[in-house]
1. Where Rh denotes the Kirkwood radius from the mean inverse Cα pair distance, what is Rg over Rh for chain B?
2. So which residue, out of A:THR49, A:THR75, A:THR23, gets the largest mean-square fluctuation from a GNM of chain A using Cα contacts under 10 Å as springs?
3. Would you calculate, for chain B, the mean residue ellipticity at 222 nm contributed by helices, counting each DSSP H stretch of 4 or more residues as -39,500 (n - 2.57) and dividing by all residues, to the nearest 500?
4. What is chain A by shape, rounded, prolate or oblate, if you read a ≥ b ≥ c off the alpha carbon gyration tensor as root eigenvalues and call it rounded for a/c under 1.5, prolate for a/b larger than b/c, and oblate otherwise?
5. About its Cα centre, what dipole magnitude does the protein assembly as shown give when the only charges are +1 on Lys and Arg Cβ and -1 on Asp and Glu Cβ, stated in debye to the nearest 20?
6. Beta carbons within 10 angstrom, averaged per residue: use that to sort the peptides B:26-34, B:130-138, highest first.
7. Which angle between 0 and 90 degrees, to the nearest 10, do you get for helix A:36-53 versus the longest principal axis of chain A when only C-alpha atoms count?
8. Where does each of A:LYS65, B:LYS161, B:LYS111 land when they are ranked from fewest to most other beta-carbon atoms within 10 angstrom?
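Readers should treat all values here as calculations from the given coordinates under stated rules, not as data from a laboratory. Please read these numbers as outputs of a predicted model, since none were measured by experiment. Every residue, glycine as well, gets a Cβ built from its backbone with ideal geometry; the counts of neighbours run over all protein chains shown.
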Amino acid sequence: MTAHSRSHTPIYVGVFAALLVLTGVTVGVSYLHLAAFLAVAVAMIIAATKGSLVAAYFMHLIGEKKIIYFVLILTAFFLLFLLFVPWIVSMGDYRVS
Amino acid sequence: MNPDAASADILDVSGLTPAKLGTWLFLASEAMLFGALFSAYILLRAGASPAWEHGWHIFNVPMATLNTFFLITSSVTMVFAYASIQAGNVPRYRINMAATILLGCAFLVVKYFEYTSKFHHGHYPSTDLYYATYFTMTGLHVLHVIGGLIVNLYFLGPGVKLYRTEPDHFVSRIEATGLYWHFVDVVWIFLFPSIYLL
């Protein structure tokens, strides 16, 4: 395993602080009782930001090998498909004969 | 040849240990597993008539926020555990791994109170689609937390022996364990607003 030449502690502490702040923001925003679409959008953007911080710094995705990026981009593509295609299809006008 | 020894060697082609590539592939499959449940949740909620209640009317948001804090902090202690063992500091590794486990247990304790409160009020997975969705999504996540805790306990206890004989191999295992634990945290990061805040 490659040794890290300098401590990553400040980065980890910084990410931790950011995660705590973002958690506070997302909970605080929920008390505003925004309109449905806006509430979902804000909540998911904050969640995606938090998840990205964990993935980038705690899971060391930054500076990771390209093959891992490829695996994840492929996963993200299929995940978007999985998440939204059933719902979008359900909004269609088709009838079962 | 000892097959375990090979996993600590760097693969020429990918530049990765099999453990790291394998773990990420596993996490990709797990993302599809939880993604399927999220997809069902989106579809069911979008089409629900009457519309589902907002999470804050049904659940205790402060309690769930505390749980979010527990898991996020456990991710921090996990990454410090990995950094510690990478640097060869076994005592600091042990402290951080123990903290990770304790925080994971704290998460489960809060979940226990949350679930029993629902049961006490007569709400079960069989009650309706709303509760079926809630219990299935959070229940699967709880199972993942429990699985992670068992592995973490092993690596806090008997598993550390491997560090004495094959340190690189052990560090590689802790890296894989950490990746799994962070993934469980990321799932909760999305689950928490979806269920409790919307």
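1. My calculation puts Rg/Rh at 1.05.
2. Maximum among the listed residues: A:THR75.
3. Calculated from helices alone, the mean residue ellipticity at 222 nm is -26500 deg cm²/dmol.
4. oblate
5. The dipole magnitude comes to about 340 debye.
6. In decreasing order of mean packing, B:26-34, B:130-138 become B:130-138, B:26-34.
7. On a 0 to 90 degree scale, this one is about 30.
8. The most exposed by this proxy come first: B:LYS161, A:LYS65, B:LYS111.
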